[in-house]
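The values are calculated or read from the model by the stated rules, or taken from the named source; none is laboratory data. The structure presented is a predicted model; accordingly, all values stated were derived computationally and were not measured. Virtual Cβ from ideal backbone geometry, glycine too; neighbours counted across all protein chains shown.
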Amino acid sequence: MSTILAPRPDRPLHARIERAVREDRARGEFKVHRSAFTDREILQLERELIFERSWLYLGHVSEVASPNAFVTRKVAGHPILFNRDRDGKLHAFFNTCSHRGALVTREKHGQRRAFYCSYHGWAYDDVGKLISVPGKESMAPGLIESGDMDLREVPRLAEHCGFVFISLDPNICDLQTYLADAGDVLKLVSEHGERGMEIVGGTHDYGMAANWKLVQENSADAYHTTSTHASYLEYVQSRDGSRDPVDPKVRAGWARDLGNGHAVIESEGAMPWGRPYARWVTGWGEAARDEIDAIAHGLVARLGEARGRFIALGDRNTLIFPNLVVNDTLAVTVRTFYPTDVDQVQITGWALAPVGESASSRDRRMRNFVEFFGPAGFATPDDVEMLELCQEGYRNQHAIEWNDISRGMLKEIPAKGDELQMRAFWRQWHRAMQNGPRG
Ligand code: FES
Ligand SMILES: [Fe+2]
């Protein structure tokens, strides 16, 4: 584990923020100062101005599919209890007992009509109401009835196409406005399955010695694929016989700024790997071909030629500001991550799949998912290594101060392998960080 010695701040924080992103549109030059990855005061400000003021991904509706289902997880460092009450309504509570603060449940997931704090036994129902207190005759009168000691709900919760978000900021704009054009990309991903989508196969939890923003950059960085992931491409080539595009009518790839710091890189049929929904490759064998073709035809029949074909053949890596990644490529992964220090990040990833998918299609999906996205797969260990190398390299920021994120900046439509998506993130980051502390 590396510890970065932050360079001695040479100017006030607001001035360090102001110079952190430098852009010259006429010359096509976009630079990010490396202190943005190493300065602990910048991290502290990110916690206040970004994580406390954005819509943050909480989970997927399928994780709490039935009444009284719940999951627990941390969002921006806050332990959260995410549940569906007996009437089907979604809630996000701060997972802390009103008595003396213990987590009201330590379980990762389950099914409960009531939550019992294990410390002194206070109990809360599925809408967060305090319902029983052992020895309550010794407590102040009206303790339960007043509602003052009920669980506290997170200020904002909203759902879009199965993706559930929360915000710690009660005054944030509504989720649709926040998502801007990213809303339609999430909708497109949700349309893979006629009966919706579900999280399957547990959770990937892993960490790395790198700044959290490196993960956001890397998650939609087509430029690094051939160099960092050469071993995966060689594997695909040896299995499927060719790196050539699968479909001769490919649309090779482009990047789109989706507004508010969100972006996507997309292509239609240009990538060498197979998509369970629905792009066949030779390595899956002739026996799989009919089923995959049938899935592709079904998508076109259900959604129309353009959208159905785009889902079947297309790949898309989507970045939702500040820290949600939905990569719909050789499988669908949902990934979120938080800093635990300026040079440490914890990542959580899930696989998303169509409800009711056949066993054979699910098998192809999960093999692809684990082979590429898994913490021990072809891609993730290589990415971890590259991002840790970047972080390590920032020790030399006295010698080279700036990262270059200019690729494709002068093009009318930047290519998938350009860096428009990173610039979209950094512009929003810069705006948010210059808003100043509230109050
Ligand atoms: S801390 Fe929960 S009952 Fe005391
Ligand atoms: Fe990668």
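Only one of the numbered conditions (1) at pLDDT below 95; (2) away from ligand 1 (no atom under 16 Å from the Cβ); (3) in contact with a strand residue (DSSP E or B) (Cβ under 9 Å, 6 or more places away or on another chain) is not met by residue 141, and that is (3). Screening the range 45-108 for strands (runs of 3 or more DSSP E) wholly inside it with 2 or more residues that are within 16 Å of ligand 1 (Cβ to nearest atom) and within 23 Å of residue 335 (Cβ to Cβ) returns the ranges 78-84.
Within the range 363-400, the set of residues being surrounded by 19 or more Cβ atoms within 10 Å (Cβ to Cβ) and of a type in the set (Lys, Arg) comprises 364, 365. Scanning the range 45-68 for residues that are among the hydrophobic types (A, V, I, L, M, F, W, C) and surrounded by 17 or more Cβ atoms within 10 Å (Cβ to Cβ) turns up 45, 49, 50, 51, 55, 56, 58, 61, 64.
Restricting attention to the range 98-114, the residues that are more than 22 Å from residue 67 (Cα to Cα) and either free of Cβ contacts under 8 Å to residues at least 12 places away in the same chain or not small (Gly, Ala, Ser) (or both) total 3. Scanning the range 70-92 for residues that are touching a residue at least 60 places away in the same chain (Cβ under 8 Å) and not aliphatic (A, V, I, L, M) yields 73, 74, 77, 78, 82, 91. Filtering 45, 90 for residues that are touching a Pro at 6+ places or on another chain (Cβ under 9 Å) and either more than 16 Å from ligand 2 (Cβ to nearest atom) or of a type in the set (Val, Ile, Thr) (or both) leaves a single hit, 45.
When each of 53, 113 is tested for being under 30 Å from residue 434 (Cα atoms), touching an Asp or Glu at 6+ places or on another chain (Cβ under 6 Å) and not hydrophobic (A, V, I, L, M, F, W, C), the lone residue that passes is 53. For the range 109-126, the set of residues classified as within 15 Å of ligand 1 (Cβ to nearest atom) and part of a loop (DSSP other than H, G, I, E, B) consists of 117, 118, 119, 120, 121, 122, listed by residue number. Checking each residue in the range 143-159 for being touching a Phe, Trp or Tyr at 6+ places or on another chain (Cβ under 6 Å) and assigned to a strand (DSSP E or B) picks out 153, 158. The single condition among (1) of a type in the set (Asp, Glu); (2) surrounded by fewer than 17 Cβ atoms within 10 Å (Cβ to Cβ); (3) modelled with pLDDT of 95 or more that residue 191 does not satisfy is (2).
Any residue in the range 379-397 that is without any contact (Cβ under 8 Å) to a residue 12 or more places away in the chain sitting within a Cβ distance under 9 Å of a residue that is within 13 Å of ligand 2 (Cβ to nearest atom) and part of a helix (DSSP H, G or I)? List the pairs, counting only those 6 or more apart or interchain. Final answer for the pair search is 385/228. Going through (1) under 19 Å from the mean Cα position of the chain (by Cα); (2) not in a strand (DSSP E or B) one by one, residue 293 falls short only on (1).
The residue that is surrounded by the fewest Cβ atoms within 10 Å (Cβ to Cβ), among those in the range 127-142 that are in contact with a Phe, Trp or Tyr (Cβ under 8 Å, 6 or more places away or on another chain) and part of a loop (DSSP other than H, G, I, E, B), is 134. Return the residue satisfying two criteria in turn: it lies in the range 202-242 and is over 17 Å from residue 377 (Cα atoms) and within 14 Å of ligand 2 (Cβ to nearest atom), and of such residues it is surrounded by the most Cβ atoms within 10 Å (Cβ to Cβ). Ranking the candidates gives 210 first. Only a single item in (1) at pLDDT 95 or above; (2) in a loop (DSSP other than H, G, I, E, B) is not met by residue 308, and it is number (2).
Taken as a whole, the condition of being assigned to a loop (DSSP other than H, G, I, E, B) and either at pLDDT 95 or above or closer than 25 Å to residue 14 by Cβ (or both) does not apply to residue 413.
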